[in-house]
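Working notes, structure below.
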Amino acid sequence: MRHLLSTAELSRDESILLLDTAAQMAATQSRQIKKLPTLRGRTVVNLFFEDSTRTRISFETAAKRLSADVINFSAKGSSVSKGESLKDTALTLHAMGADAVVVRHWASGAPYQLAHAGWLDAAVLNAGDGTHMHPTQALLDAFTIRRHLGGPDGGLRGGGTDDGVGADLAGLKVAIVGDVLHSRVARANVRLLHTLGAEVTLVSPPTLLPVGVETWPCRTSYDLDATLADRQPDAVMMLRVQRERMSGGAGGFFPSPLEYTRYYGLDARRLALLPEHAIVMHPGPMNRGLEISAEAADSERAVIVEQVANGVAVRMAALYLLLSGEEQPPAAPPVTQPGTQPGTVEGTPR
Amino acid sequence: MSTTYVLRGARPLGGEPADVVLADGVIAEIAAPGTAAVPAGAVEIEAAGHVLLPGLVDLHTHLREPGREDAETVASGTRAAAVGGFTAVHAMANTSPVADTAGVVEQVWRLGTQAGWADVHPVGAVTVGLDGERLAELGAMADSAARVRVFSDDGKCVHDPILMRRALEYVKAFDGVVAQHAQEPRLTEGAQMNEGVVSAEVGLAGWPAVAEEAIIARDVLLAEHVGSRLHVCHLSTAGSVEIVRWAKSRGIDVTAEVTPHHLILTDELARTYDPTYKVNPPLRTAKDVEAVREGLADGTIDIVATDHAPHTREDKDCEWGAAAFGMTGLETALSVVQQTMVDTGRLDWADVARVLSTTPARIGRIDDTQGRPVAAGEPANLALVDPSATRVVDGAAQATTSGNTPFRGHELPGRVVATFLRGRATVLDGAPTGSADAAAGGAR
């Protein structure tokens, strides 16, 4: 791996390597001295074009626990409106000798441009781009699911003690519920969980499922009750609902918060529909009372706080694998359409 | 005294070889090879195998002047046009200030005349400032020295139905036409690319086909109701082709254009996040590409127009979401039409002359001087094309000021060898002559 941009680019083996490495990292984090010398002398830049205190401090903690030097670079605003362009920022970081750039950006694809435009040669970790991808979130979610439910003995819930190391998620059923249209968490999870063998069902009001979702490797449903009762998912992942999605204007995706909660909120009644071993997840921050009730969020099935802890371990694993691995040639260009010119349509004689 | 040219063995509209003599601004003679009477001092051009077309006419060009001379000027844009084989362009109105008064359209027209690379016909804005609220002084622009006949808010849609109705009616007084940029604004708020499989994956806000088709459907019905003619800019979806086909079958006076890029490129390119491929309307799917080719082949789509949209590097060297919409096209249009339509057997060269010269000239009501037959006595507005040549597109080497060609690195067939504007060579050996500046009485 040269960069970590999208879970769609991760093979099954790479995904499992990341999770297994995260398990090793997690094991070190119960020690009194948590710091490892692994990345001493390396520089990690947290480049945040969008506020996200949680993700930033998670990456910062991960890098510091690996002894890397960490620089936080808050670069709000777009290249057009004000401030420095993405390109100039990248050239600046290159000149300063950054070894890894963790980038959070409001624009889908910005980390991709940083990795491929030739502006800098650091490893790029996508910490969330627009409505596209959030690979470390998906990895920490998969890690959490595997720890509780994975492996031959069924993980912690099955009485196992090995955290599911070495295993994938074959056969596990995961429901992802909420605003899929605008969710980089959902996109990242659908790809990764599929790669690891899990069966994903997206549950969402029709207005919040993207046109084109039919090609994704998952099921879709408009009915949360039916999904919980009939699919009996092993894990339920609730997505955060942005309050601005419900207003008028370009919003208006659902009539009211009350109606959303009525049909798509996870509450005690719906919790009772789940199998005994099922876990409840949320990427945070939660809107208690909207997509998840306090009873569900605080129930013993909820692993939401543990997800945060696992986030540090997963990000340590990603930084470690990207920065300590052997130099590898850059990944092949992304365009996959057959033909002499990508994205062009060949001549079709009559 | 103007230079006399003899084109040896050229094939008018791809037909039988002939010697074509250009003198005093007109086609003096078309004779069997070797039989033309060549005056002393004539310049002979070896044109065996080359196709001779009427000078191309672009109904949809952004020259950016006044206002964004850093992206393109009337002089640089029309030089690029000449290199692409064009002898006339229609300059879109979304300049700064907007071309919504007689003063601005006359300024653009005058700049074109001074530059001398191609005839510049300004397009007038339909509404003041392109704001979609009240009609600009269309009559004043029509009566100006620029003689405006095409009106468009291109870049924005005249979405208010009553305003569109009034515009369609009003321009009948001077035989004008409204060229609609069909984009329902509410359905495309924040939209970045075609809505479909690719947008769902790459997480860029979707631009549904229905946002284009709904406006076209409404407009053809309005045009029918008030008995006006309507021109549809840069149609891009299979559904739009169907609607125009239906409208024509009903006898509605509608014409439609497709851009070269919508004839060949698809939304798969958005996977690169390279803003070079960000354009309005967006690149669509392979199914849509096939539909617009079919529509162009069967005459549903009347013309190819470039929507040449130069942008500075800083407006493209950024995040996709922050980048400007548009791509250049004047210097690659003919090659793309050759590759997608001629080399595939769907159009012949006479058809190319129709879709890239004769019909756009007629829609723009400049067919008294442009888009004429290749015949003795006609104005010598001509493009000489070597269809057997190939070239690899190099954005930096193009005549346009801007580098946002989507065909950078592509090998394209065909090469414009020479372009003549009223008998004067604006391009020879594939390069701008430089004589245009001299002819105009000084460089700009």
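Using DSSP to define loop residues, name the trypsin sites (Lys or Arg not before Pro) in the range B:41-149 whose beta-carbon has at most 14 other beta-carbon atoms within 10 Å.
Here the sparse-neighbourhood loop sites are B:R134.
Quick one: grab the alpha carbon gyration tensor of the range A:134-188, order the square roots of its eigenvalues as a ≥ b ≥ c, and give me rounded if a/c is under 1.5, else prolate or oblate depending on whether a/b is larger than b/c. All intermediate terms of the calculation are to be shown ahead of the outcome.
Values: a/c = 3.01, a/b = 2.20, b/c = 1.37.
Because a/c hits 1.5 or more and a/b exceeds b/c, the range A:134-188 counts as prolate.
On average over all directions, what projected area in square nanometres does chain A have, based on the convex hull of its Cα atoms? Let's see the in-between values first.
Details: hull surface 82.0 nm².
Approximately 20.5 nm², given one-decimal rounding.
What percent antiparallel are the DSSP beta bridges of chain A, to the nearest 5? Don't skip to the end; give the middle numbers.
Values: 1 of 36 bridges.
Of the beta bridges lying entirely in chain A, close to 5 percent run antiparallel.
Where both residues lie in the range B:54-363, what percent of DSSP beta bridges are antiparallel, nearest 5?
Working: 1 of 24 bridges.
Antiparallel bridges: around 5 percent, rounded to the nearest 5.
Just grab the label-to-label distance for B:F325 and B:A48, each label 7 Å out from Cα along the Cβ direction, in nm (one decimal).
With each label point 7 Å from Cα toward Cβ, the separation is 4.9 nm.
What number, in nm² with one decimal, is the all-direction average of the projected area of the convex hull of the alpha-carbon atoms of the range A:135-306?
Details: hull surface 36.8 nm².
Projected over every direction and averaged, the Cα hull of the range A:135-306 covers 9.2 nm².
Based on the Cβ-Cβ distance from B:A32 to B:D298, what FRET efficiency comes out when R0 is 25 Å, to the nearest 0.05? Walk me through the numbers on the way to the answer.
Numbers: r = 35 Å, r/R0 = 1.40.
My answer for the efficiency is 0.10.
Relative contact order of chain B, please, whole-number percent, based on alpha carbon pairs below 8 angstrom and at least 6 residues apart. Provide the component values of the computation, followed by the final result.
Values: 1131 pairs, mean separation 88.3, N = 444.
Here the relative contact order equals 20 percent.
Which of B:H62, B:H225, B:H90 moves the most in a Gaussian network model of chain B with Cα springs under 10 Å?
B:H225
Would the protein assembly as shown count as rounded, prolate or oblate if I go by the C-alpha gyration tensor, calling it rounded below 1.5 in a/c and otherwise prolate when a/b exceeds b/c, oblate otherwise? Before the final figure, lay out each step's value.
Details: a/c = 2.56, a/b = 2.02, b/c = 1.26.
Verdict is prolate for the protein assembly as shown.
Per residue of B:314-327, count partner chain C-beta atoms within 10 Å of its C-beta, then hand back the mean as an integer.
Numbers: counts 4, 2, 0, 8, 9, 18, 7, 11, 9, 3, 1, 0, 0, 0.
Per residue, the number of nearby Cβ atoms from other chains is 5 on average.
For the range B:52-136, state which GluC sites (Glu not before Pro) are in a DSSP loop and have at most 12 other beta carbons lying within 10 Å of their beta carbon. Spell out each step's value before the answer.
On the way: sites: B:E69, B:E72, B:E106, B:E133; in loops: B:E69, B:E72, B:E133.
Loop-located and lightly packed - B:E133.
Which trypsin sites (Lys or Arg not before Pro) does the range B:226-312 hold that lie in a coil by DSSP with at most 14 other beta carbons within 10 Å? Can you show the working numbers first?
Working: sites: B:R229, B:R245, B:K248, B:R250, B:R271, B:K278, B:R284, B:K287, B:R293; in loops: B:R229, B:R250, B:K278, B:R284.
Here the trypsin sites (Lys or Arg not before Pro) that fit, given the DSSP loop and packing criteria, are B:R250.
How much mean residue ellipticity at 222 nm does chain B get from its helices, if each DSSP H run of length 4 or more adds -39500 (n - 2.57) and you divide by all residues, to the nearest 500 deg cm²/dmol?
Calculated from helices alone, the mean residue ellipticity at 222 nm is -7000 deg cm²/dmol.
Can you give me the distance in nm between label points at A:E84 and A:S11, each placed 7 Å from the Cα along the Cα-to-Cβ direction?
3.7 nm
With springs only between Cα atoms under 10 Å apart, run a GNM on chain B and tell me which of B:S335, B:S388, B:S152 wobbles the most.
Maximum fluctuation in the GNM of chain B, among the listed residues, is at B:S388.
Can you give the % of DSSP beta bridges in the protein assembly as shown that are antiparallel, to the nearest 5?
Numbers: 30 of 94 bridges.
Roughly 30 percent of the beta bridges in the protein assembly as shown run antiparallel, per DSSP.
Kirkwood hydrodynamic radius of the range A:176-278 from all distinct Cα pairs, in Å?
Numbers: mean 1/r = 0.0707 Å⁻¹.
For the range A:176-278, inverting the mean 1/r across all distinct Cα pairs yields 14.1 Å.
Give me the distance in nm between label points sitting 7 Å out from Cα along the Cα-to-Cβ direction at B:S249 and A:V305, one decimal.
Between B:S249 and A:V305, the simple spin-label model gives 6.8 nm.
If the elastic network links every pair of Cα atoms under 10 Å, which of A:N46, A:N126, A:N72 fluctuates the most in the Gaussian network model of chain A?
A:N72
Per the helix-only calculation at 222 nm, which mean residue ellipticity applies to chain A, given -39500 (n - 2.57) for every DSSP H run of n ≥ 4 and division by its residues, nearest 500 deg cm²/dmol? Show your work: numbers first, answer last.
Working: 10 runs with 113 residues, N = 350.
Counting only the DSSP helices, I get -10000 deg cm²/dmol.
With a Förster radius of 51 Å, plug the Cβ-Cβ distance of B:D348 and B:A140 into 1/(1 + (r/R0)^6) and report the FRET value to the nearest 0.05.
Values: r = 42 Å, r/R0 = 0.83.
FRET efficiency, B:D348 to B:A140: 0.75.
Any idea what diffusion coefficient the range B:85-216 gets from Stokes-Einstein, in µm²/s, Kirkwood Rh on alpha carbon pairs, 37 °C, 0.692 mPa s? Write down the numbers at each step before the final one.
Values: Rh = 15.8 Å.
Once the numbers are plugged in, D ends up at 208 µm²/s.
Hey, which of these cross-link pairs are over 28 Å Cα-Cα: A:K87/B:K278; B:K156/B:K278; A:K76/B:K316; A:K173/B:K287; B:K248/B:K316; A:K76/B:K278? Working shown, then result.
Numbers: A:K87/B:K278 18 Å; B:K156/B:K278 16 Å; A:K76/B:K316 19 Å; A:K173/B:K287 35 Å; B:K248/B:K316 38 Å; A:K76/B:K278 23 Å.
Correct reply: A:K173/B:K287; B:K248/B:K316.
Over chain A, what is the mean sequence separation of C-alpha contacts under 8 Å (at least six apart), divided by residue count, expressed as relative contact order in percent?
19 percent
Please list, in order along the range B:349-358, the HN-Hα scalar couplings obtained from phi with the Karplus expression 6.51 cos²θ - 1.76 cosθ + 1.60 (θ = phi - 60°), rounded to whole Hz, x for Gly and Pro.
Ordered by residue, 3J(HN,Hα) equals 5, 5, 5, 4, 4, 5, 7, 10, 9, 4 Hz.
When each pair of different Cα atoms in the range B:1-139 is counted once in the 1/r mean, what is the Kirkwood radius in angstroms, to one decimal? Mind showing how you got there, number by number?
Working: mean 1/r = 0.0587 Å⁻¹.
With all distinct Cα pairs of the range B:1-139 included, I get 17.0 Å.
Would you mind listing how long chain B runs along its three principal axes, going by Cα atoms, in whole Å with the largest first?
On the principal axes, chain B reaches 65, 46, 44 Å in Cα extent.
Order these by the 10 Å Cβ neighbour count, fewest first: A:L209, A:L17, A:L86, A:L258.
On the way: A:L209 21, A:L17 15, A:L86 24, A:L258 11.
Fewest-to-most ranking of A:L209, A:L17, A:L86, A:L258: A:L258, A:L17, A:L209, A:L86.
Bear in mind these aren't lab numbers, they're just calculated from the coordinates by the rules spelled out. Quantities reported herein were computed from a predicted structural model and do not represent experimental measurements. Ideal geometry is used to build each Cβ from the backbone, glycine not excepted, and the neighbour counts take in all protein chains shown.
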